[in-house]
Structure formats: structure tokens, C-alpha cells
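The values are calculated or read from the model by the stated rules, or taken from the named source; none is laboratory data. Remember, it's a predicted structure, so these values are computed and weren't measured experimentally. For neighbour counting, all protein chains shown are included, and Cβ atoms are generated from backbone atoms with ideal geometry for every residue, glycine included. Areas reflect the complete protein model, heavy atoms only, side chains present, ligands, DNA and RNA absent. Shrake-Rupley method; radii C 1.70, N 1.55, O 1.52, S 1.80 Å.
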Amino acid sequence: AVGSFDVQVYYRLPGNCSRWVLSDALLADALQVLKLPSFPAVPFVSKEPTPLELTVPELLLCVPSLGLGVWYACTKHWVANNALGIAFSLLGIESVSLGSFKTAATLLSGLFVYDIFWVFCTPVMVSVAKNFDAPIKLLFPRESLRALHTAAAAGAASKPNFAMLGLGDIVIPGLFVALMLRYDVQSNFKTSYFQSVFWGYVGGLGTTIFVMNYFKAAQPALLYIVPAVLLTVAAHAALRGEFSSLWHYQEDHVAQQEAEEAAAAGKAVEPKKQQ
């Protein structure tokens, strides 16, 4: 059993809640796949029709999901914006795997430099974040909710003042956090790198917020988050004497792909030797 509170919340709570709410029979019925008419092929996108399949929970969630989208499209309310932004972030973290620690470290290091350049050296990033009205960022009111409601009721012409966090500052480090969680799962939780990287991310984000409010200026969040997560995990691994093992860590699908490529390359070399 894992005693860590943060791992329980992040990894086990959704599954426990589903078991409490649904009986085995009801769960089996709910997860039945409903086949819908296929989506026709789209030129330059898909050559064949795309089959559409939904489970019962997904079908039931279509209505509130559509309502959320309509609410955002009609009002641009910051709560709807954040709900969509969080959904996009979770989908991105769930759908993408970095594959190996080396890939993750390289990606984070490159985006560390990228974020600094586009925020400090050009006005592009800040201008897009402020003026592009889409759920590509999370919004946090700098004023009280009562003040926002009063201003909206009075029809104030000025826009409310929001602090912003780009989805990239959630998804990119989130992929690394998820990678470390899978590493712990693979070791049957004999390691606890997830806890280190999780609290490293919290510390890096907290530092970003502090510096932003202290200097009253936009900050590249990855400037603080990337060193926080990488150095925290590296220090943890070094203290345990596992840095080499962690550095060479690859997920199963990556190792399998490399083995298949090596086998294919070996088969291609053999005929040449025979000739």
C-alpha cells in the first residue's frame, strides 16, 4: 500500500470513487461500447472513414460537455475557460508519453530556453496570451469575485484583471510528472520520484507567482519550473545512488520499438554478408 497522500490523490482516488459508486454489474454495462455511424473520410486528413465509438458514460457526458462549450462560446466566462483548459491539459498529459528520461530532460531543457527568449526578448508571447481569446491559458482573477460580479452587473467597460498560466506550463512539466509516476509504478513504488517531482513543480510554480507579483511583470514559468523538477529528481536519484538507472530509463513501448528496429536492421545486414 502506498501511504503518500499526494500519490493517493493523484493516482488512486478516481479508481476508488468509481468502485464506490458503481457495482461490478453496473460498471460492466456502462463500459459497453456503442458503435455510431462512421465519420466520412476528409481529404488530406484521413483516407478512410473514422469509426465512432462511445461508452455509456461518454455518451451521457456529451450533454454537459456541449453545454460547457456553448457557455464559453457565448460568454467567454473565465470559469468556463478554465474548465476547458484543464480538460485540454489532462487530455494532453494522458495522450502523450515522452518515452524516456533522456527525451524528457532534453525537451524540458529546450523549452526552458525557448520560454525565456519569447517572454523576455520579444513581446510576442505576452501579446498572444493577453489578446488571443481562447482557452489556451488558465485565468485567475486578481480582484475578489464580488468585485468581478459588481463590475459585470454595472456593465463596466474595462476588462477584469487576470493572472494567467499558459497550458504549456501545465502540460509540458505534467508529461514529466506522469513519466516519473510510471517509473514508480514499474518499480512497484519502491521509489518515490513522483513525490519529488510533484513538490518540485509546486515549488517552481509558487516561485513563478511570487516573482511575477514582486516585479509586477510577466514571467516565463518554465524558467522556474524546469530547474525545480529536473534538479529535484536528479538530487533524489543521486542521494539514492540511482541516477544512472534513472537516466537510462525507457518505457516498455520505447524499448520494444528499439529492439524491433535493431532486429530489422540485423536482418537487412545478413543478406549483404551472404553476398
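To keep it simple, each residue is scored yes or no on (1) under 30 Å from LEU179 (Cβ atoms); (2) modelled with pLDDT of 85 or more; (3) open to solvent by less than 60 Å² (accessible area, probe 1.4 Å); (4) among the small types (Gly, Ala, Ser).
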{"site": "PHE39", "(1), (2), (3), (4)": "no, no, no, no"}
{"site": "LEU52", "(1), (2), (3), (4)": "no, no, no, no"}
{"site": "VAL63", "(1), (2), (3), (4)": "no, yes, no, no"}
{"site": "SER97", "(1), (2), (3), (4)": "yes, yes, yes, yes"}
{"site": "LEU111", "(1), (2), (3), (4)": "yes, yes, yes, no"}
{"site": "HIS149", "(1), (2), (3), (4)": "no, no, no, no"}
Taking LEU61 as the residue in question, decide whether it is assigned to a helix (DSSP H, G or I) and in contact (Cβ under 8 Å) with a residue 40 or more places away in the chain.
-> no
Those residues of segment 78-95 which are open to solvent by 70 Å² or more (accessible area, probe 1.4 Å) and not aliphatic (A, V, I, L, M) amount to PHE88, GLU94, SER95
When LEU26 is evaluated against the numbered criteria (1) of a type in the set (A, V, I, L, M); (2) touching a strand residue (DSSP E or B) at 6+ places or on another chain (Cβ under 9 Å); (3) modelled with pLDDT under 90, which criterion, by number, is the only one it fails?
-> (2)
